[in-house]
Amino acid sequence: MSVVAISETFGSQGTEIGWELSRSLGYEFADREIIAKAAERYGESVMDLHHVSEEKPTLWERFSDSTRHYVSCIEATILEMAARDEAVLVGHGAAIILREIPHVLRVRVGASESLRATRVEHQQGLATGEVALGLVREVDRERAARIKFLYQVDVDDPLLYDVVIDTDRMSVVDGVRIIRTALQGEFARPSLRSLSLARDASVVAQTRACLLVDPATRGVRPAVTAASGRVTVAGMVDSDELRDRVIAMARAIPGVVDVIDEMIVMRIPRGYAT
């Protein structure tokens, strides 16, 4: 049992390595499927979710709550898949999102710009190598800017990863073999503690995402924590009905065994104006 999270530069064959790795191990595989699953689970637009995970952030996003809303859906989906174990997840910040879960093997796949441009030119049927090189640079730039904006890290920092693979010299088969060897290390084997940590992180992320997508609870923003499946929800609401709705939504999350209600109802007196 294990989880592999792959970050790749555009055209580096990280997706191909991830797919072949999942096939050889019999693991669940997801790259574009992460966005599709998030859209289906939380009723959001595929295009909006793709934008917040892949493209350069706009100035408007820096002042908008909707970005956090969409990102929460993606994070919840990635953490939910990781909590099920035996998964290979590619892109969408998975290697960064899962960095606090000890047994997740984080992999970075890269290659020289020139080789990646050649691959992209052939794969996408682009007119010239210059067009392909421009596309490679643009996609890399946008992905890096997005990760920097969301998580304040440099996606190219090798210390974020357990394994870094250069496909200038290594084939997809070589990459799979290296990752499979790394998975034999003690650090990549899940313990009872790390599995519990993954499940708790998953239920917290799912709870937050569900509260954000529901119009009735979107403005509550409670503090949500979990320990061994017991979720604690704390914060202030203005009615018993809203508190009951928040608690009921938390109880409905798969994997939650109990909900500890630390919500405080602060009723606004009639006629009071802010």
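The values are calculated or read from the model by the stated rules, or taken from the named source; none is laboratory data. Because the structure is a prediction, the values reported are computed rather than measured. Cβ coordinates were reconstructed from backbone atoms using ideal geometry, including for glycine residues, and neighbour counts include every protein chain displayed. Quick note on the areas: whole protein, heavy atoms, side chains included, nothing else; ligands and nucleic acids left out. Shrake-Rupley method; radii C 1.70, N 1.55, O 1.52, S 1.80 Å.
Would you mind stating whether Gly175 is open to solvent by less than 70 Å² (accessible area, probe 1.4 Å) and either free of Cβ contacts under 8 Å to residues at least 40 places away in the same chain or touching a Cys at 6+ places or on another chain (Cβ under 6 Å) (or both)? Show your work before the answer.
Values: open to solvent by less than 70 Å² (accessible area, probe 1.4 Å): yes; either free of Cβ contacts under 8 Å to residues at least 40 places away in the same chain or touching a Cys at 6+ places or on another chain (Cβ under 6 Å) (or both): no.
So Gly175 fails the test.
The set of residues in the range 217-243 being exposed (fewer than 14 other Cβ atoms within 10 Å of the Cβ) and farther than 14 Å from His69 by Cα consists of Ala223, Ala227, Ser228, Ala234, Met236, Asp238, Ser239, Asp240, Glu241. Close contacts from the range 134-160, counting a first residue that is more than 20 Å from His50 (Cα to Cα) and a second that is hydroxyl-bearing (Ser, Thr, Tyr) and surrounded by 14 or more Cβ atoms within 10 Å (Cβ to Cβ), with Cβ to Cβ under 9 Å and a gap of 6+ residues or different chains, come to Asp156/Thr9; Leu160/Ser7.
In summary, Leu197 fulfils each of the numbered conditions (1) within 26 Å of Cys73 (Cα to Cα); (2) assigned to a helix (DSSP H, G or I); (3) open to solvent by 80 Å² or more (accessible area, probe 1.4 Å) with the single exception of condition (3).
Among the residues of the range 206-216, are any part of a loop (DSSP other than H, G, I, E, B), open to solvent by 60 Å² or more (accessible area, probe 1.4 Å) and at pLDDT below 90? The answer is yes; a qualifying residue exists.
Note on the range 109-158: among residues that are basic (Lys, Arg) and open to solvent by less than 40 Å² (accessible area, probe 1.4 Å), the one that is farthest from Gly175 (Cα to Cα) is Arg146. Considering (1) assigned to a helix (DSSP H, G or I); (2) in contact with a helix residue (DSSP H, G or I) (Cβ under 6 Å, 6 or more places away or on another chain), the lone condition that Ile253 does not fulfil carries the number (1). In the set (1) at pLDDT below 90; (2) open to solvent by 50 Å² or more (accessible area, probe 1.4 Å); (3) touching a helix residue (DSSP H, G or I) at 6+ places or on another chain (Cβ under 7 Å), Asp168 fails one condition alone, (1). Among the residues of the range 256-265, are any in contact with a helix residue (DSSP H, G or I) (Cβ under 7 Å, 6 or more places away or on another chain), under 22 Å from Glu40 (Cα atoms) and surrounded by 15 or more Cβ atoms within 10 Å (Cβ to Cβ)? Checked against the condition, which is being in contact with a helix residue (DSSP H, G or I) (Cβ under 7 Å, 6 or more places away or on another chain), under 22 Å from Glu40 (Cα atoms) and surrounded by 15 or more Cβ atoms within 10 Å (Cβ to Cβ), the range 256-265 yields at least one hit.
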